[in-house]
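Working notes, beginning with the structure itself.
The values are calculated or read from the model by the stated rules, or taken from the named source; none is laboratory data. Source: prediction; values computed, not measured. Don't worry about glycine lacking a Cβ; one is built from the backbone with ideal geometry, like all the others, and counts go over all protein chains shown. Each accessible area value is taken on the protein alone, full model and side chains, heavy atoms only, with ligands, DNA and RNA left out. Shrake-Rupley method; radii C 1.70, N 1.55, O 1.52, S 1.80 Å.
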Amino acid sequence: MQNRTAIGVANANIAFIKYWGRADDDLNIPVNGSLSMNLEGLYAETSVTWGQSADTLVLNEVEQTGKPLQRVAHHLDALRSRLGIEGHAAVSSVNNFPAGAGIASSAAAFAALTVASVAAAGISLSERELTALARLGSGSASRSVPAGFVEWYAGTDHETSYAESFAASDAWNIVDVIAIISEAHKATGSQEGHSTARTSDLQDARVAGAAERLRLCKQAIFDHDFGTFAAVVEHDSNLMHAVMMTSRPPLFYWLPPTLTIMQAVRDWRADGLQVCYTLDAGPNVHCLCIRKDVDQVSAALKNLSGVVDVRVARVGGAAKVISSGEC
Ligand code: PMV
């Protein structure tokens, strides 16, 4: 019998309202709902071929063993047991953004792995089901499956914790201008960070206000109200980092240039430029602005010391299967 293979592609995403902390560590059920936009052009492309005697992983053309392979095999185990797939898979994935550039890649990787694995098994699922399955690999991967601006409903179990698009990619001309910072920083990964979030005295307060911030953020996107959007997005990012810094043990993701950029962004906004910042679990600063101001924001970021590169991403589309069949 021939082996079935498929190739999936998924964009990374940047959260406006963050996921930080889990109610269920096995299912990646978050303690609060979150919002994000997909990042056009920053993607993972993953091929999956079932019918192998063991799971294997090639990442950016390098054969992987140890933790990266274990994490992928663990996700394949979840797909095997939930979908009744038999046998192992050969997985090969490339990111089109440089490894080590500090742009969170697990969301794109697990979204692409999920859609490719399901297609290669010849199974057809709804987008909602695909988002829930992607969540099992990496929580934020659920948000990389649907197109455009996406909400991930926290839910209470596997079926109710899923993501969907609430506005199309062209609903608002927001662009993410990402300032990449010079010093490579091996930070604690988000997997461990989610588990320690509950040890911060500030986590309950962050979670208590999350639904209202999410509502405000969504409305600001519908209304193209940049002022409200900027205030709520920066506040939500600051709250997440306050939780990180006050967890036990504490997590400090910022480097000195991170704060320099955050202050500069606030100054530029005070001077009338529509730009705000948000950060993931790393030192790089995602600067969100309106499309007409991208060149100005990029040039200003490049002038700041500590910024080694700037990447620009518009609002991206959904994860997709670009080929599937027998091999
Ligand atoms: O999906 P994970 O487990 O890598 O967690 C992502 C967490 C943040 O990027 C910090 C926030 C978010 O909502 O994307």
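Of all residues in the range 230-270, those being in a loop (DSSP other than H, G, I, E, B) and not small (Gly, Ala, Ser) number 9. In the set (1) open to solvent by 40 Å² or more (accessible area, probe 1.4 Å); (2) touching a residue at least 12 places away in the same chain (Cβ under 8 Å), ILE290 fails one condition alone, (1). With (1) within 16 Å of the ligand (Cβ to nearest atom); (2) surrounded by 17 or more Cβ atoms within 10 Å (Cβ to Cβ); (3) of a type in the set (Gly, Ala, Ser) as the list, and GLY189 as the residue in question, which single condition is left unmet? Tallying (1) within 16 Å of the ligand (Cβ to nearest atom); (2) surrounded by 17 or more Cβ atoms within 10 Å (Cβ to Cβ); (3) of a type in the set (Gly, Ala, Ser), GLY189 fails exactly one: (2). Scanning the range 52-61 for residues that are at pLDDT 95 or above and either surrounded by fewer than 20 Cβ atoms within 10 Å (Cβ to Cβ) or not in a strand (DSSP E or B) (or both) gives GLN52, SER53, ALA54, ASP55, THR56, VAL58. The single condition among (1) over 19 Å from the mean Cα position of the chain (by Cα); (2) touching a residue at least 12 places away in the same chain (Cβ under 8 Å); (3) under 22 Å from ALA281 (Cβ atoms) that ASP204 does not meet is (2).
Just so you know, in the range 239-275 the residues that are over 18 Å from GLY306 (Cα atoms) and of a type in the set (Val, Ile, Thr) include one that is surrounded by the most Cβ atoms within 10 Å (Cβ to Cβ), and it is VAL243.
Would you confirm whether any residue within the range 252-268 is assigned by TED's automatic domain parsing to the domain that holds CYS217 and under 18 Å from the mean Cα position of the chain (by Cα)? So that I can check it myself, show each step before the final result.
So the first thing to find is which residues in the range 252-268 are assigned by TED's automatic domain parsing to the domain that holds CYS217, and the list is 252-268.
The next check asks that each one be under 18 Å from the mean Cα position of the chain (by Cα); those that pass are 253.
Yes, the range 252-268 contains a residue that is assigned by TED's automatic domain parsing to the domain that holds CYS217 and under 18 Å from the mean Cα position of the chain (by Cα).
Is it the case, given these coordinates, that VAL285 is under 22 Å from the mean Cα position of the chain (by Cα) and crowded, with 23+ Cβ neighbours inside 10 Å?
Details: under 22 Å from the mean Cα position of the chain (by Cα): yes; crowded, with 23+ Cβ neighbours inside 10 Å: yes.
Here the answer is yes, as VAL285 does meet what is asked.
Report yes if some residue within the range 303-323 is over 26 Å from ILE221 (Cβ atoms), assigned to a strand (DSSP E or B), open to solvent by less than 60 Å² (accessible area, probe 1.4 Å) and not charged (D, E, K, R); otherwise report no.
Residues of the range 303-323 that are over 26 Å from ILE221 (Cβ atoms), as a first pass: 303-309, 321-323.
Right, trim to assigned to a strand (DSSP E or B) and you get 307-309, 321-323.
If we keep only those that are open to solvent by less than 60 Å² (accessible area, probe 1.4 Å) as well, we get 307, 323.
Narrowing further to those that are not charged (D, E, K, R): 307, 323.
Yes - at least one qualifying residue is present in the range 303-323.
Does ILE174 meet the test of being at pLDDT below 95, more than 15 Å from the ligand (Cβ to nearest atom) and open to solvent by less than 40 Å² (accessible area, probe 1.4 Å)? So ILE174 does not fit the description; no.
Only a single item in (1) open to solvent by 10 Å² or more (accessible area, probe 1.4 Å); (2) away from the ligand (no atom under 16 Å from the Cβ); (3) at pLDDT 95 or above is not met by VAL31, and it is number (2).
For GLY41, state whether it is free of Cβ contacts under 8 Å to residues at least 60 places away in the same chain, assigned to a strand (DSSP E or B) and among the small types (Gly, Ala, Ser). Taking the combined requirement at face value, the residue does not satisfy it. Here GLU40 meets the list (1) under 14 Å from the mean Cα position of the chain (by Cα); (2) more than 30 Å from ILE290 (Cβ to Cβ) almost entirely, failing just condition (2). Which residues, taken from the range 1-23, are touching an Asp or Glu at 6+ places or on another chain (Cβ under 8 Å) and either open to solvent by 10 Å² or more (accessible area, probe 1.4 Å) or on the phi > 0 side of the Ramachandran plot (or both)? Scanning the range 1-23 gives GLN2, ASN3, ARG4, THR5, ILE7, VAL9, ASN11. Taken as a whole, the structure places ALA10 among residues that are assigned by TED's automatic domain parsing to the domain that holds GLU164, within 16 Å of VAL118 (Cα to Cα) and within 16 Å of the ligand (Cβ to nearest atom).
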